[in-house]
1. Name, by its number, the condition in (1) farther than 19 Å from residue 11 by Cα; (2) in a helix (DSSP H, G or I); (3) modelled with pLDDT of 90 or more that does not hold for residue 112.
2. Check residue 75 against each of (1) in a helix (DSSP H, G or I); (2) at pLDDT 90 or above; (3) under 16 Å from the mean Cα position of the chain (by Cα) and name the one condition it does not meet.
3. Is it fair to say residue 66 is assigned to a helix (DSSP H, G or I), modelled with pLDDT under 95 and within 19 Å of residue 47 (Cβ to Cβ)?
């Protein structure tokens, strides 16, 4: 019987880590491969990722899919953000987002990454 999608909610890689960690012992081989992938590439903890997605949506007017993809990649410069945003519904991201706004997005991401590095250093 075909499966029917009831709802769709974009989530970040760190949120996938959190979800799969709950039942790590019960994962199928495919789910275990996904878990290994996402733990390798998660750049923030799930709570900070959720907070950053919310901030990107509220402060910069990004769509949920765009904000999640930005959090997954954590671009470090304006050109990387342009590449991410140009793949979505926006025809030309440079028209919708000025360089200043894109720089502010980069600064916001860097502040979250800096906080994560500092918290890891204090734990060691």
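The values are calculated or read from the model by the stated rules, or taken from the named source; none is laboratory data. Here the structure is a predicted model, which means the values were calculated and not measured. Neighbour counts run over all protein chains shown; Cβ positions are idealised from the backbone, glycine included.
1. Here residue 112 clears every test but (1).
2. (1)
3. no
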